[in-house]
Amino acid sequence: MTIDLALNRPVAKVVAQHVEEGAVLCNVRMQMVDAPHVRLHHLRRLDDRLAAHLDGLAVAGEYGAHLCATALARPGIGEVFVATALALDSRDEPCLDKILALAQALPECRPGVLSAFGWAAAASLRDITRELLDSDSAFRRMVGILACNAHQVDPGAALADALGDPDPVLRAQGLRTAGECGRRDLLDACLRALGDANADCRFQAVRSAVLLGDRHAAIHALHRLAHEAGAHRMPAIDLLLKLMTPEQAMPLLKALFEAQADARLLIRGLGVSGDPQFVPLLIDRMDDPALSRLAGESFSLITGLDLEMLDLYRKPAEGLETGPTDDPADTDVAMDEDDGLPWPDAHRIGAWWAANAQNFEPGARYFMGAPPSWSHGLQVRKGGCQRQRRAASEHLCFLQPGTPLFPTDAPAWRQQHRLEASDPDAA
């Protein structure tokens, strides 16, 4: 269906709003899938709104495609997502070729393209994914492998080939997919990649190796990453603390405690370690504005308590500002890492802990109120917040290596369908 702009100006304005709002919602969604306070039903509400805008563009036909192409003159992640999603839905391969060329040239736009491949319906990717996997372009093969992983489809021989490819971006995606798809036959290849010259490849290799069951060479590699500065240090520490017993975790936590610059890493690590003996320390940090909300999140990760539901939160201190300010002279534009988390009430939480501490064994590991187990992990994966659901999905892989990692960033309706298929009580 083609819309004539000259005859349908009110409609054309609505179509333009679909492009703009779709791009904005994509950017919001990218924050929500990793947010500490968002549950699956919250994500579903946003996804329904985003889907409605994309449906509106599909109905607009050529004019919708024209506006998407026009928006790519100044491409942002959201604009690229909308254009890619529409091209996949309409199977507009010439448009898709242009978008992929743009994303290859401008890495900052790639998250929009990659997210759209995860968003698209499987039927929209038929043949397209095969062509990508068979492409001479390493970038396009990477996109094809990511698309398969997002839909929990085994890429087959293309995945094994990617692990030895000279291109580090393709190699890193292949290593990541090997673990998340549960390809235990590729464990040895992941272990060989622990010494890869590329830092991203090394991290994806070690992460996949532990997802696939290795508890020796990969653990040593994680220890090295945990003591190296860089982007992979925090996720390496997170993985280590999930895999270690509380006793084994003590030297690492002690080192973080002694390094004053690592206060946030320490507070986060105490929650991941799951040892209730650290709860008093977390409660003490709830009075520190810089650490309060993170300490509350770590407390919940151990105890499973919902601070808002149990009225264990407080209002922030009057005049306290977090995140970017409206001051044009303020050069700090970093987002508030704890945005959305409640401000814990240390006094009331302390009273709760005094009454309930006897239910938690010091030196044992707890995850969301109980020792990690398959049934408990399924419950958290179903009803927890996004960070908790992601952690639960990893725990399930650790409990049964080779289990595909549940995609907590997939469209909410697809997640709900998979949860219902694996657990009749998940709806």
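The values are calculated or read from the model by the stated rules, or taken from the named source; none is laboratory data. Remember, it's a predicted structure, so these values are computed and weren't measured experimentally. A quick note on method: Cβ atoms are made from the backbone with ideal geometry, for glycine too, and the neighbour counts reach across all protein chains shown. Just so you know, the surface numbers come from the protein's heavy atoms only, side chains and all, with ligands and any DNA or RNA stripped out. Shrake-Rupley method; radii C 1.70, N 1.55, O 1.52, S 1.80 Å.
Look at (1) in a helix (DSSP H, G or I); (2) more than 24 Å from Pro411 (Cα to Cα); (3) out of contact with any Leu (no Cβ under 7 Å at 6 or more places or on another chain) and you find that Leu187 fails only one, number (3). Filter the range 164-182 down to the residues that are surrounded by 22 or more Cβ atoms within 10 Å (Cβ to Cβ) and without any contact (Cβ under 8 Å) to a residue 60 or more places away in the chain and list them by number. The answer is Leu170, Arg171, Ala172, Gln173, Gly174, Leu175, Arg176, Thr177, Ala178. Residues of the range 271-299 being closer than 20 Å to Asn359 by Cβ and open to solvent by 10 Å² or more (accessible area, probe 1.4 Å), which ones? Result: Gln277, Phe278, Pro280, Leu281, Ile283. The set of residues from the range 212-270 being small (Gly, Ala, Ser), open to solvent by 30 Å² or more (accessible area, probe 1.4 Å) and not assigned by the TED database to the domain that holds Asn198 comprises Ala255, Ala259, Ala261, Ala263. Of the helices (runs of 4 or more DSSP H) lying entirely inside the range 351-422, those containing at least 1 residues that are open to solvent by 40 Å² or more (accessible area, probe 1.4 Å) and polar (S, T, N, Q) span 374-383, 412-422. Scanning the range 86-95 for residues that are in contact with a Leu (Cβ under 9 Å, 6 or more places away or on another chain), assigned to a helix (DSSP H, G or I) and open to solvent by 10 Å² or more (accessible area, probe 1.4 Å) gives Leu86, Asp89, Cys95. Among residues of the range 184-212 being charged (D, E, K, R) and out of contact with any Pro (no Cβ under 9 Å at 6 or more places or on another chain), the one that is nearest to Arg140 (Cα to Cα) is Arg202.
Among the numbered conditions (1) more than 29 Å from Ser137 (Cα to Cα); (2) in contact with a Cys (Cβ under 6 Å, 6 or more places away or on another chain), the only one that Val11 does not meet is (2).
With respect to Arg74, determine if the residue is in a loop (DSSP other than H, G, I, E, B) and surrounded by fewer than 16 Cβ atoms within 10 Å (Cβ to Cβ).
Numbers: in a loop (DSSP other than H, G, I, E, B): yes; surrounded by fewer than 16 Cβ atoms within 10 Å (Cβ to Cβ): yes.
Judged against the criteria, Arg74 is a match.
Taken together, the residues in the range 135-157 that are in contact (Cβ under 8 Å) with a residue 12 or more places away in the chain and either in contact with a Gly (Cβ under 8 Å, 6 or more places away or on another chain) or part of a helix (DSSP H, G or I) (or both) amount to 15.
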